[in-house]
1. Before rounding to the nearest 500, sum -39500 (n - 2.57) across all DSSP H runs of length at least 4 in the chain and divide by the residue total; then give [θ] at 222 nm in deg cm²/dmol.
2. Cα centroids of region 113-145 and region 1-24: how far apart, whole angstrom?
3. Lys135 to Lys3: FRET efficiency via 1/(1 + (r/R0)^6), r the Cβ-Cβ distance, R0 30 Å, to the nearest 0.05?
4. Compute the FRET efficiency between Ser84 and Leu17 as 1/(1 + (r/R0)^6), taking r as their Cβ-Cβ distance and R0 = 30 Å, and round to the nearest 0.05.
5. Taking a 20 Å limit on the Cα-Cα distance, which of the listed pairs Lys92/Lys135; Lys38/Lys81; Lys93/Lys146 fall beyond it?
6. Rank the residues Glu28, Glu12 as a footprinting-exposure proxy: fewest other Cβ atoms within 10 Å of their Cβ go first.
7. For region 89-161, which chymotrypsin sites (Phe, Trp or Tyr not before Pro) are in a loop by DSSP, counting at most 12 other Cβ atoms within 10 Å?
8. Considering all projection directions equally, how large on average is the shadow of the alpha-carbon convex hull of region 36-159, in square nanometres?
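What follows draws every value from the coordinates through simple rules; no lab data is involved. Quick caveat: nothing in here was measured; it's all calculated off a predicted structure. Positions of Cβ are generated from backbone atoms using ideal geometry, with glycine treated the same way; all protein chains shown enter the neighbour counts.
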Amino acid sequence: MAKYNVKRIANEIQEMLPIYKSISVEYEENRATITIMKQQTVPTPTPTIEFCIKEGYPFTPPTITITTTMTNRIPYMTWLKTNSPRIHQTLKKITNTDCLCCSTILCPNRWSPTMTLRNILQEIERTHQLKRKIKYILATKDIGKKFNLPEVIETYISGFC
């Protein structure tokens, strides 16, 4: 790994130390693997985010893996995808985009050397919140249909998501 990359990575990690519970870095010949665990205020399983940074960084984006449980490791681009038409419709309604993978900063035509690991972590957090909001909206619609609630009540409840 080039000196410039090591120095940049060290500076980016230094910025994130107050925010994250655990940051570990493993340097190999042509890459660095950074594992980050976010601090939680509520005792829930904490997802771990792993960055694989190759020699071309910051001119090429890192590869991200999200570990939600001890055995569930998901590549970030896979985590962004969904095959559900209901989720696609809700996503389109909320964000006016068809998919999350085309709007990510990790998409090669959206990546810029000015992006940092913190920018990626912020995007992951926003995406996580958006996915949670979509789940709540869909659950609210299902409950509304099951109990024959007026649509205005569904819309009102969805507004709290």
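1. So the helix-based figure for the chain works out to -13500 deg cm²/dmol.
2. 25 Å
3. Rounded to the nearest 0.05, the efficiency is 0.10.
4. Once rounded, the FRET efficiency stands at 0.20.
5. Violating the 20 Å Cα-Cα cut-off are Lys38/Lys81; Lys93/Lys146.
6. Fewest-to-most ranking of Glu28, Glu12: Glu28, Glu12.
7. Hits after loop and neighbour filter: Phe147, Phe160.
8. Working: hull surface 38.5 nm².
Hull-based average projected area comes out at 9.6 nm².
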